[in-house]
Amino acid sequence: MIRITLPDGSVREYEKGITGYSIAESISPRLAKEVLSITVNGEVWDITRPIDNDAKIVLHKFEDEEGQHAFWHTSAHILAEAIEAIFPGTKFGIGPTIENGFYYDIEMPEGQSLSEKDFAVINKKMLELCQQNNEVVRKDISKEEALAYFTTKGDEYKLELISELEDGTITLYSQGNFTDLCKGPHLPSTGHIKAIQILSLAGAYWRGDETRKQLTRVYGISFPKQKMLQEYLEMIEEAKKRDHRKIGKELELFHFSPKVGMGMALWLPRGTELRDRLEAWLTAELKKRNHEMVKTPHIGHVDLYKTSGHYEKYGKDSFQPIQTPAEGEAFMLKPMNCPHHVEIFKAKQYSYRDLPYRMAEFGTVYRYEQHGELHGLTRVRSFTQDDAHVFCRPDQVKDEFKSIIELIMFVYKSLGFKDYKAQISLRDPDDKTKYIGTDENWEKAEQAIQEAAHEMGLKPTIELGEAAFYGPKLDFIVKDALGRNWQLGTIQVDYNLPERFELEYKGADNLSHQPIMLHRAIFGSMERFVAVLIEHTAGKFPLWLTPDQVVLLPISEKFNDYAKKVLELLKNYDIRGKIDDRNEKIGRKIRDNELQRIPYLLVLGEKEEESGNVSVRKQGEGDIGNMSIEEFANFINDQIQKDFEK
RNA sequence: GCCAUUGUAGCUCAGAGGUAGAGCACUUCCUUGGUAAGGAAGAGGUCAUGGGUUCAAUUCCCAUCAAUGGCUCCA
């Protein structure tokens, strides 16, 4: 008998050699039906693999990442099996799972290629293979046997992968007529997969190396229920509708012109309204939290970046320096704001009592992003960071961290991003040599970050070895309305710049000390944040932020004067809007303004003018009745209040 | 930067080796209309740019530029 410890701490005894499936069966038939993989002492296994020793286990369903992983991994094998059945001679690279689904890198037989026209037949074959409910069999073999198998098969990619594996046992997984090199885990049989579909094709280099052969990457997705696939496909459709590039054009927020240059957004008036309002709001919040606003130039002397170390690291991949005609000096478009802020800090002497010094700027920076990387507003060459640097003493790091976390959480909550994760990146404990700064300071900072995060109620994941060379960091990843993740905010500890720029303050001991610098951004960049906000809200911005809160629609020209009067009155209540006085019928005016996602439309005709009222329409809902102007104004301001409270 | 696909009016897109089309938007006129598209007329294009093939290229070929989807990168 062996002792199995369940996640709730309870212990059950089973025969030696019990499988995950049988354990699930002994708990409940329902669980047995849904269980996909099992974690045994921290390692994820197939549920058909016998357990021979005492173990702590966790059973995984499709709802868990580990369950999904097995599910999609097997799906990738099905994809390969289907492709091999339809295109014999296809060679296979790797077929891993990804955040949403899986892919397989393949090389089509000589002279053949895969196109979208082939999707239908492959999809059909995949479904057929699933319905056959073939058993997935795990087999341990020696390296020689594995090499022999794939040599016979003529799959040089698999051979390459195997040759790099350590000697010893290699695992193969087979289902139906397909056998693949794989460490698993997998589903017990293909019948769990009720819906499976190819999503797209792309080229990808073998092992991500551009000097090597380009393979065809086939992306797919699968689910245990047909309905889930339906929902997933609908989500993709919805995401397309919310694409910020599309909405940005429709709502006239921003524009790109190849004549200005790729990756450089032109902010149109309405987009500028939106962005200005965001900046003004955040500025007010920063001032409440004792930040000093600064402004710095868009270029900086090359020496500045030589001192900071960025020139050496990124110089050749940046926009190249601008030369002055007379003095022969070189200036760079600033790729970040920190060195400028450091120079502001250095402009005077500090006592320990002066710290922390919190300096903030909406600073526009320029980075030479690779051509193929540019994407709408989310990846551009010119962008404005909502940047701040806090210069503080070592004993202040934790409190400063906490107050930045508080601000970030406040900002996300205010803007309707209720779901976000935090991720802490620490040093690689096995290789401390690639980091600068003293061990003592690193330990203090890493501890301070973790304590600060926990004290603020965050449950951060920890990534070892992901820290920047100059310090540990905390990143915020927000989830939007469609469940997609966006990395926005970041807080980083930096020992590098204070050292390189020889920053100092006078301590109580009358000695010079080096301050610690915290870098942080909340939105990340205005460009990227506006893009995320557009996709999160589908262009229906919060009332306080939206460029026009209300548009007045006179029934005919006769009521234009009344509309002007109403608009003036609304302005007294800080409500902004405009009049649609086009020579169009009311139905047309409603339609056009609805499409512009104007939150409230006021229909103004004879009835309204006589009673001094407005007839109110809410975006997406329609007519919500008559109100006096004062009632409407209060209503709007209440709504704004509620936006912030929720 | 690499690979693939795409580039036709302000926008969305059709089209063909013989010199260009639709809808919306725009301008003017008619209409003054009560809760998601009123009517008519008009204007608007070096068919991304530069080469080549051809009697003839916007269409075929090559290069460049840009966009899109991936890959690699991201202070």
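Scanning the range A:432-457 for residues that are outside any helix (DSSP H, G or I) and modelled with pLDDT of 90 or more yields A:456, A:457.
Scanning the range A:35-49 for residues that are touching a residue at least 24 places away in the same chain (Cβ under 8 Å) and either of a type in the set (Ser, Thr, Tyr) or open to solvent by 70 Å² or more (accessible area, probe 1.4 Å) (or both) yields A:37, A:39, A:48.
As a summary of the residue check, residue A:532 satisfies the conditions (1) away from RNA strand B (no atom under 12 Å from the Cβ); (2) touching a strand residue (DSSP E or B) at 6+ places or on another chain (Cβ under 7 Å); (3) within 18 Å of residue A:631 (Cβ to Cβ); (4) not in a loop (DSSP other than H, G, I, E, B) except for the one numbered (3). Residues of the range A:605-616 that are surrounded by fewer than 23 Cβ atoms within 10 Å (Cβ to Cβ) and either more than 7 Å from RNA strand B (Cβ to nearest atom) or in a strand (DSSP E or B) (or both): A:609, A:610, A:611, A:612, A:613, A:615, A:616. For the range A:579-599, give me each residue that is open to solvent by 50 Å² or more (accessible area, probe 1.4 Å) and in contact with a strand residue (DSSP E or B) (Cβ under 7 Å, 6 or more places away or on another chain). Scanning the range A:579-599 gives a single hit, A:581. If you filter the range A:348-364 down to residues that are among the aliphatic types (A, V, I, L, M) and at pLDDT 95 or above, you find that the one that is nearest to residue A:530 (Cα to Cα) is A:360.
Of the candidates A:625, A:620, the single residue that is loosely packed, with under 14 Cβ neighbours inside 10 Å, touching a residue at least 12 places away in the same chain (Cβ under 8 Å) and not in a helix (DSSP H, G or I) is A:620. Of all residues in the range A:564-589, those that are assigned to a helix (DSSP H, G or I), more than 8 Å from RNA strand B (Cβ to nearest atom) and not polar (S, T, N, Q) total 9.
When A:570, A:602 are checked against the criterion of being in contact (Cβ under 8 Å) with a residue 60 or more places away in the chain and of a type in the set (A, V, I, L, M, F, W, C), A:570 stands alone in meeting it. Identify the residue in the range A:535-563 that is within 15 Å of RNA strand B (Cβ to nearest atom) and part of a helix (DSSP H, G or I) and, among all such residues, is most open to solvent (accessible area, probe 1.4 Å). So the residue we want is A:558.
Being open to solvent by 70 Å² or more (accessible area, probe 1.4 Å) and farther than 23 Å from residue A:276 by Cβ holds for only one residue in A:322, A:405, and it is A:322. Annotation note: Cβ proximity below 8 Å between a residue of the range A:252-268 that is more than 23 Å from residue A:539 (Cβ to Cβ) and a residue that is among the aliphatic types (A, V, I, L, M) and near RNA strand B (Cβ under 9 Å from one of its atoms) (sequence gap 6+ or interchain) occurs for A:262/A:374. Among the residues here, residue A:212 qualifies as over 24 Å from the mean Cα position of the chain (by Cα), assigned by TED's automatic domain parsing to the domain that holds residue A:110 and of a type outside the set (S, T, N, Q). Looking across the range A:458-489, the residues that are crowded, with 19+ Cβ neighbours inside 10 Å and either outside any loop (DSSP other than H, G, I, E, B) or within 15 Å of RNA strand B (Cβ to nearest atom) (or both) come down to A:467, A:470, A:471, A:472, A:473, A:474, A:475, A:476, A:478, A:486, A:488, A:489. In the set (1) under 30 Å from residue A:236 (Cα atoms); (2) crowded, with 18+ Cβ neighbours inside 10 Å, residue A:180 fails one condition alone, (1).
The values are calculated or read from the model by the stated rules, or taken from the named source; none is laboratory data. No experiment lies behind these values; they were computed from the predicted model shown. All Cβ positions, even for glycine, are placed from backbone atoms using ideal geometry, and neighbour counts span all protein chains on display. For the accessible areas, the whole protein counts, side chains as well, though only heavy atoms, and no ligand, DNA or RNA atoms are used. Shrake-Rupley method; radii C 1.70, N 1.55, O 1.52, S 1.80 Å.
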